[in-house]
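J.: Below you will find the structure I want to go over with you.
All of the numbers you see were taken from the coordinates with simple rules; none came from a lab. In this text the structure is predicted, and so the values were computed from the model without any measurement. Cβ placement follows ideal geometry from the backbone for every residue including glycine, while neighbour counts extend to all protein chains displayed.
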Amino acid sequence: MFAIEAVGISKSYRFKKQEVKALNDINLQILKSELFGLIGPDGSGKSSLIRILTTLLLADEGTGFVDGLDIVKDFEVIRKRVGYMPGRFSLYPDLTVEENLQFFASVFNTTIKENYSLIKSIYQQIEPFKHRRAGQLSGGMKQKLALSCALIHRPSVLFLDEPTTGVDAVSRKEFWDMLKELQANEITILVSTPYMDEAALCGRVALIQEGSLFKVDKPNQIVDDFSPKLFGIRSLEMFRLIEDLKSWQAVYSCFAFGDSCHVIFKDLKDEVAECTNYLLAKQHQNIEIFQIKAGIEDCFMYLMKKSA
């Protein structure tokens, strides 16, 4: 039933004679043909979890299963069944686009022709540059080549570790459109990303921070479950506004979002009036306070603070 399963996975690293906890008792179940997002900031443990599930790293505690196979006992079989695209470009920069693809096909005892139908829509975008060295490609083209190489053996499960980091907005959109097509081919996809806006593109997401999962659900359900009143606040001096709001005891949380602050209050009877009076006393000008609907990033920040 589950394409990917993590059972009590924990992992620590030693850094300057100190133990750093990267993953803390991770339990996760991902259905077959699901597009699942692992959402969290840099250093939250996303890459460590993916490397453990792809048999590239051993967990200190717990275990995992991919396609029903044990990640330790059956690591050789798993490596033949999964596709893996690491965060950094890891193909051969001195080989051409076509040579890289041929090489990875030969590693899995297959050919480009045999599985071309799966990568056709992706590879066609870079095929005009097939004789160009991979190291000379743009960020978006490198990304498409890496995805083609990860798919050339037709894996049943695809792991993507922050695939859109450092890529322009247009290439990011194209990449997610390609993932939707792959999902239609009954490929299970686990993708990690630090971009909160990409969470909405997944069927389900797991929010992770400091090695711990604190919410696993559909993105729209996470937003719907957000219960506090959320306010957007602006004034003439935004930097001083943030400082004054964070130092006010009536504020539960305050984060900068674009041209405004997103604020949750503790126990105010009339949030707009009381906050306006407070800011006027602090000599703020052009004050704007308005209630807003929470986005996935607001939910993440709230849940992170609540779990802490």
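J.: Helix 139-151 versus the longest principal axis of the chain: what angle, 0 to 90°, nearest 10, using Cα atoms?
T.: For 139-151 against the chain, the angle is about 50 degrees.
J.: Could you pull out the pairs from 16/246; 21/73; 142/180 whose alpha carbons sit more than 28 Å apart here?
T.: Those over the limit are 16/246.
J.: In whole angstrom, and with the biggest value first, how far do the Cα coordinates of the chain range along each principal axis?
T.: Cα extents, longest axis first: 72, 45, 41 Å.
J.: I would also like to ask the following. Between residue 56 and residue 307, what is the FRET efficiency for a Förster distance of 22 Å, r being their Cβ-Cβ separation, to the nearest 0.05?
T.: Efficiency computed from Cβ-Cβ geometry: 0.20.
J.: Which percent of Cα pairs goes in each bin when the distances of region 226-307 are cut into 10 angstrom slices starting at zero?
T.: 18, 58, 23, 2
J.: Working out 0.36 nm times the residue gap between residue 103 and residue 249, then minus their Cα-Cα distance, what length gain in nm do you get to one decimal?
T.: That works out to 46.5 nm of additional length.
J.: May I pose another question? Report ³J(HN,Hα) in whole Hz for each residue of region 56-65, in order, from the Karplus equation J = 6.51 cos²θ - 1.76 cosθ + 1.60 where θ = phi - 60°; Gly and Pro get x.
T.: 8, 8, 8, 6, 6, 9, x, 8, x, 9
J.: In region 281-308, whose amide N lies under 18 Å from the spot 7 Å out along Cα-to-Cβ of residue 197? List them in ranges.
T.: The answer is 293-301.
J.: Moving on to the next point. Nearest 500 deg cm²/dmol is fine: what mean residue ellipticity at 222 nm does the chain get from its DSSP H runs of n ≥ 4 alone, each adding -39,500 (n - 2.57), divided by its residue count?
T.: When only DSSP H runs of four or more count, the value is -9500 deg cm²/dmol.
J.: In addition: Distances over 21 Å make up what percent of all Cα-Cα pairs in region 100-188?
T.: So the pairs more than 21 Å apart make up 27 percent of the total in region 100-188.
J.: Distance in nm between label sites at residue 293 and residue 218, each 7 Å beyond Cα in the beta-carbon direction?
T.: 1.5
J.: What spacing in nm lies between the two simple spin-label points modelled at residue 173 and residue 286, each 7 Å away from Cα in the Cβ direction?
T.: For residue 173 paired with residue 286, the spin-label model returns 3.0 nm.
J.: Let me ask something additional. Highest mean first, what order results for 232-241, 266-275, 47-56 on Cβ atoms within 10 Å?
T.: Highest-to-lowest ranking by the protection proxy: 47-56, 232-241, 266-275.
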